[in-house]
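Everything below concerns the one structure shown next.
None of the figures in this text is laboratory data; all of them are computed from the coordinates on show. What you see is a predicted model; the values in this text were computed from it and never measured. Here Cβ is always computed from backbone atoms with ideal geometry, including for glycine, and neighbour counts include all displayed protein chains.
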Number of protein chains: 2
Amino acid sequence: MSHAELVSLFLALGLLVGVARALGEVASALRQPAVLGEILAGVLLGPTILGTFWPQATARLFPETGPVAFGLQAMTQVAVVLFLLVAGLEVDLSRIKRQGRMATVVSVTGMLFPFALGFAFVYAAPGLLGKPPETATFLYALFLATALSISALPVIAKILMDLHLFRTDLGMIILAAAIVNDFIGWLLFALVLGLIPGRHVEEGSFDIWTTVTATLAFAAGMLTVGRVALNQMVVRVQAHSAWPAGVLALCLSLALLCGAFAEWIGVHAIFGAFLVGVALGDSSHLRERTRLILHHFVAALFAPLFFASIGLRVNFVESFDPLLCLVVLAIACVGKILGCGGGAILAGMPSREAWALGFGMNARGAMEIILGLLAREAGLIDDRMLVALVVMALVTSMLSGPLMERMLARRKPARFVRYLRDRGFFILGSDKDPFQAIEAVAGGLSTALDSSLETLLEAIRRRDRLTGNGLAPGVRLAHARLSGISAPLVGVALCPEGFRSGGDAEKVRAVVVVLTPQDKEAQQIEILTDLARTFLDARLRRLLLACSSALEMRALLRSSQSEPQH
Amino acid sequence: MSHAELVSLFLALGLLVGVARALGEVASALRQPAVLGEILAGVLLGPTILGTFWPQATARLFPETGPVAFGLQAMTQVAVVLFLLVAGLEVDLSRIKRQGRMATVVSVTGMLFPFALGFAFVYAAPGLLGKPPETATFLYALFLATALSISALPVIAKILMDLHLFRTDLGMIILAAAIVNDFIGWLLFALVLGLIPGRHVEEGSFDIWTTVTATLAFAAGMLTVGRVALNQMVVRVQAHSAWPAGVLALCLSLALLCGAFAEWIGVHAIFGAFLVGVALGDSSHLRERTRLILHHFVAALFAPLFFASIGLRVNFVESFDPLLCLVVLAIACVGKILGCGGGAILAGMPSREAWALGFGMNARGAMEIILGLLAREAGLIDDRMLVALVVMALVTSMLSGPLMERMLARRKPARFVRYLRDRGFFILGSDKDPFQAIEAVAGGLSTALDSSLETLLEAIRRRDRLTGNGLAPGVRLAHARLSGISAPLVGVALCPEGFRSGGDAEKVRAVVVVLTPQDKEAQQIEILTDLARTFLDARLRRLLLACSSALEMRALLRSSQSEPQH
């Protein structure tokens, strides 16, 4: 590669990763799945937006052909393979067995119903569903039915964690059903790919049935012999190599090699990487830390890179067909929610939970988009259908969390850091006593209130006479419920040397003031519990007391959150 | 990319990573730097070995041109940029200031002396040093002098950690000197690259002096304003994004973008990534976990990929010139050891430590190889010189650790797991008592000994009457020193339900037997200390008691080692 090509390559990669991750965070902040923002980054940098206003820039950054194009293509192919490795690691085979009957029923009805619906619709109205004239109806029906019936395991797992449902019975059933679902979906997809005409004209390729047979044998082998062999390899590699680089390299090179194998037998490389992930994820010797390193690095670099690259390939404005999007979305939602929810009710689940499960399983995501992308590359569908699938995946993912939340009346417990005000943060000298600190903080917070500082302090004092006020060693709490506010307010005063005290045994170094709405007792309790848990952690307390701004405190608390629960 | 090209790409990447990491581990096991094995993987898979015996395979896996070639090139370019990001993160600017005078003296003499020596030698005997006739003598001398005078920061840091010298005064001075060294070396190298004729003919490139000025301004900017700005960015990103994916993406995209910028102003992209690493590494808000994720993932995927790719580019057998290798090696060693050691003695360091420092600083590594590779791509040197530089880097790295160890009489403390024998591992039923367990283990270990089982048990019993024997809750220790053995032997008997006991308060679930050579008391103490530290960790003890083989125990203990100390 020439000097100028290297500049393009690094610039393109850096922009894709940076913008994708930033928009992903914006999406998360708006309570939407991050993948929405990541795809949007590609839309922004690709032909849809940047390419319309500044075509030279898009052409320079993301050329259609040449060394940079091949380099970017190689990077995104590796990215999706590694993303599927990590998705496979999340699959827990033993969980499927434990949740037995219910998970089986839900996963079967949850697949069959949308599959049948999709299949029937294509035959009934191929034009409405955007079938290109040159594609065989059976193949198109098979593809669309498959794409409509696969749930998005990573999205579902994420939503369950966010709602603190991950380790509940309902959560286990949803997860187990989604795992079975995912797996059958990939087998179906291998079949679809195998049936696409023209995919096998290349020299050295296998015929359709060899591909399907080899795929099934590969899957069966990986999940039986391969699983045991990989477990043995993990323990051997960990016994004889530097940790964790040795076992990480094992996972990564196996994913790439099995990707090559899957590609060779005629399915896409991601299928091989996914199987390696499932087989490795089941290993009792693979340590949590190893999983997390893979998970975090892939989430930071490869996932944004891949999802942003989706947005690069299609002009989303030109190829947006509202009717097609609506039809696909409607079939997808009706099929999945009725299939899963109805199945669960038939199997004896209470109806409220059953519909919550239906909404949960309705989330589509990465899988549909990858399927759509591959199908488009293979010429099976056109750009309009790809856009419709991407829109369907995004909308169902966006709806899933809020609908489950409403159905189960579950939500995230409140955390105090969310309500910490910049104006309520003070660093004071040791000439102040804790009461003066409370006054200072209350003064800062009162600027955001209707009530006067005097009313505020009076409310705090009244409460203080009733309760103990010691939150943790060296940390004093002052709280009150006020009728004039709609959201909580939190302020902090720190004094590293310790406040002047009236003879207390332990010097007070921090004062926390919490004001909550009069009518929301649950919220007050959640915030006080969160405060106690945070400040009782001695290491964290030491770091918090050393903060010099509310911003630093926020950064510290976000980066000290516990690891994901899977 | 076509189906067949994707197969090649994934196969090539999977093989490179897997074989490189495996040979890297073999090198580590032979107490050599891992990078030696990683480069060897490329030699094995590239033109030197595989290409000689099976040229079609090499041509298919690593084609000279076409999509796969560009894909691999993009991957290795990204790999080296991310490797330099991680190397930069290891640089601790405040450390340089603290070690003040001594570090400055050592780094200046340690650079000037080999630089002057290299420069003089090229002018004295250009032919002996392999100068191609078309290269200007001044440029060649400048390049070689630079390549000879840069120490390998990552290799040195690794050796210091291995020898437990990282946090000693001597370790700090070596590290600080290596950091300064590294940094000046890169500036020099930017100058060399800027001076290479033909590099600036590409349209849109800058002239030499613009490049050098821009590089200096870029470096100065990153280390002053950039450092502060990045620190602020880290805290803001951590406050507002998912952790650690948000801050990881920040680091990675900044490395890529600054890489693009450095490439654009006319130096190599790695310089930009290195500067980002140095500036970010200095951030007080960047958390240890973030560093470790980057470090481990890069060590597992990108470092092996890049170093193996070095071996792919050159035929090491054809281009091996023993005389040139010897001359380069001799100048490098003499210049560096005398320069650093002599400088340290002049600055008042005791001579034993000063020479140890000289041997430590003598380690070359990745940097020389990268410099050599870039110089070869630019047509400044030929393959013979590249091979000589690689050989020099490897040999100096190999010598560095053992020579320092000998000079300081420092070595790693012994760990019991190294001496754990498969034949000494037993899982017993609860019908056995701890004494029978000791007999069983001693019986297993005695097969490796001259002395009879009876002598062994007698020695253990004699010792047992003297000491307490309780190692940790539920773990009993039996140890003896024997005259007939040259290395320690360790055996373990586990009984998950607990051994039948003679009325002890706590059930014994594990018996550890340790036999050490009669004349090595220090070793015995180290092993017993290590055993105590290991088994007193309640979480680790629980996992150890659940092991079902010596292999599993080894795997568990290696993957539970504490994180690197930096």
Checklist entry - Sorted by packing (mean other beta-carbon atoms within 10 Å per residue), highest first, where do B:345-353, B:441-449, B:103-111 land? => result B:103-111, B:441-449, B:345-353
Checklist entry - Can you list, shortest first and in nm, the gaps between the label point of B:P350 and those of its counterparts in the other copies, using a point 7 Å from Cα in the C-beta direction? => result 7.6
Checklist entry - Can you give the average number of partner chain beta-carbon atoms within 10 Å of each beta-carbon in peptide A:24-35, as a whole number? => result 2
Next on the checklist: Within 10 Å of each Cβ in A:232-239, how many Cβ atoms from other chains are there, averaged over the peptide?
Outcome noted: 5
Item to check | Given charges at beta-carbon only (K, R positive; D, E negative), |dipole| of the stretch A:396-444 in Debye | outcome: 460
Checklist outcome for this item: Nearest-0.05 FRET efficiency for A:S284 and A:A220 at R0 = 25 Å, using Cβ-Cβ distance, is 0.75
Checklist outcome for this item: Simple spin-label estimate for A:R406/A:A125, 7 Å along Cα→Cβ, in nm, reads 2.5
Item to check | Environment charge at B:A448 (Cβ cut-off 11 Å; Lys +1, Arg +1, Asp -1, Glu -1) | outcome: 0
Item to check | Computed magnitude of the charge dipole of the stretch A:416-558 (debye, nearest 20; Cβ of K, R +1, Cβ of D, E -1) | outcome: 340
Checklist entry - How much length, in nm to one decimal, is gained on full extension between B:D431 and B:A522, taken as 0.36 nm per residue of separation minus their Cα-Cα distance? => result 29.1 nm
Checklist outcome for this item: Checked the stretch A:35-160 against the a/c 1.5 cut and the a/b vs b/c comparison, axes a ≥ b ≥ c from its Cα gyration tensor; verdict oblate
Checklist outcome for this item: Quick calc: nm separation of the 7 Å Cα→Cβ label points for B:T529 and A:E454 -> 6.9
Item to check | Gain in span if fully extended, B:R60 to B:T447, counting 0.36 nm per residue against the direct Cα distance | outcome: 134.2 nm
Next on the checklist: Give me the count of lysine pairs in chain A whose alpha carbons sit under 23 angstrom apart, restricted to pairs 8 or more positions apart or on different chains.
Outcome noted: 7
Checklist outcome for this item: Averaged over the residues of B:261-274, the number of partner chain Cβ atoms within 10 Å of each residue's own Cβ comes to 2
Checklist entry - Using 7 Å Cα-to-Cβ label points, what is the B:L30/B:R461 separation (nm, one decimal)? => result 4.7
Next on the checklist: Just the number: Rg to Rh for the protein assembly as shown, Cα atoms, Kirkwood Rh, two decimals.
Outcome noted: 0.98
Item to check | Nearest-first distances (nm) between copies at A:H3, label 7 Å from Cα via Cβ | outcome: 4.3
Checklist entry - Mean Kyte-Doolittle of at least 0.0 and a Cα length of 27 Å or more along the axis: which whole DSSP H helices of chain A meet both? => result A:3-29, A:67-89, A:100-124, A:169-195, A:245-265, A:322-346, A:383-408
